[in-house]
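The values are calculated or read from the model by the stated rules, or taken from the named source; none is laboratory data. Just so it is clear, the structure is predicted and the values come from calculations on it, not from any experiment. Positions of Cβ are generated from backbone atoms using ideal geometry, with glycine treated the same way; all protein chains shown enter the neighbour counts. Heads up: the accessible areas ignore ligands, DNA and RNA and are worked out on the full protein's heavy atoms, side chains in. Shrake-Rupley method; radii C 1.70, N 1.55, O 1.52, S 1.80 Å.
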Amino acid sequence: GAGVSQSPSNKVTEKGKDVELRCDPISGHTALYWYRQRLGQGLEFLIYFQGNSAPDKSGLPSDRFSAERTGESVSTLTIQRTQQEDSAVYLCASSLGSGSHEQYFGPGTRLTVT
Amino acid sequence: KQEVTQIPAALSVPEGENLVLNCSFTDSAIYNLQWFRQDPGKGLTSLLLIQSSQREQTSGRLNASLDKSSGRSTLYIAASQPGDSATYLCAVGGIQTGANNLFFGTGTRLTVIP
């Protein structure tokens, strides 16, 4: 079946603009994660959704970042008033559930803030 | 906070050589450990998943070991090929938050020389 998909693959935006990134998880996967990878750094956890439970937002770096997920389907990550330090690759992953399940990653969205 | 370290940061080997990549983590309270490869411009590909109760996993030419008590894992690649050239990431699933978000190392960039 299809893997995790993300759109757009690349996004260039001006400082101060809002951007919205999309993730389509693998069908049937109840858990969804957002990570970001800044140049030369390791992946950082941002936010986690599990079914209809309240999301774990502990990794979001500021209140300019937010994410939504409708049920067990598509998720959107929104960054308001983008800053240059937001430039990174944003990766989405999904898994069958929480706990010790394998996470499957999408190809990522490369965000460049000019 | 869980800290994951990968050594070496970069490695070049001639084709056909066996090699070992190292990963260490500071908190042994983990759900699992995953090894990924990351190719330029692409997402992460999961290679092996070791549950916290397991000692090793094998897939083809790859073998990953886990010593949870000492906070170490190794990825062994046998008979390396040019197609193995990529960045290899180690990630541990933590149970501290209950969410199983992954904590990543910064990776080992492998180059296999034909």
Would you tell me the mean number of C-beta atoms belonging to other protein chains that fall within 10 Å of each C-beta in B:103-109, as a whole number? 3
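R0 = 35 Å: FRET efficiency of residue B:39 with residue A:70, Cβ-based, nearest 0.05?
Taking R0 as 35 Å, the efficiency between residue B:39 and residue A:70 is 0.65.
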Straight-line reach from residue A:57: which lysines have Cα under 20 Å away, leaving out those fewer than 8 places along the same chain? B:1
So how strong a dipole does the protein assembly as shown carry about its Cα centre when Lys and Arg Cβ are +1 and Asp and Glu Cβ are -1, to the nearest 20 debye? 220
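Quick one: with all protein chains in place, what share of the accessible area of chain A is carbon or sulfur, to the nearest percent (1.4 Å probe)?
Accessible surface attributable to carbon and sulfur in chain A totals 44 percent.
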Take the Cα of residue A:10, step 7 Å along the line toward its Cβ, and report every residue of region A:100-114 whose backbone nitrogen sits under 16 Å from that point. A:107-114
iface A-B | buried accessible area, total | probe 1.4 Å | Å², round 100 | 1500
Diffusion coefficient, µm² s⁻¹, Stokes-Einstein with Kirkwood Rh over alpha-carbon pairs of the protein assembly as shown at 20 °C and 1.002 mPa s: 119
For region B:30-92, size of Cβ-based charge dipole, Lys and Arg +1, Asp and Glu -1, in debye: 60
Assigning unit charges at the beta carbon (Lys, Arg +1; Asp, Glu -1) and nothing else, what dipole magnitude in debye, to the nearest 20, does chain A show about its Cα centre? 280
Per-residue Cβ counts within 10 Å, from other chains only, averaged over A:40-47: what number is that? 5
Expected vector for region B:36-46, Karplus 3J(HN,Hα) from phi with 6.51, -1.76, 1.60 and θ = phi - 60°, integer Hz, x for Gly and Pro, equals 10, 10, 10, 9, x, x, 10, x, 8, 10, 6
Sort out for me the Cα centre separation of region B:24-80 from region A:74-114, rounded to whole Å. 22
What are the ³J(HN,Hα) values, in whole Hz, obtained from phi via the Karplus relation 6.51 cos²θ - 1.76 cosθ + 1.60 with θ = phi - 60°, for each residue of region B:73-84 in sequence order, with x given for Gly and Pro? 9, 10, 10, 9, 10, 8, 6, 4, 10, x, x, 7
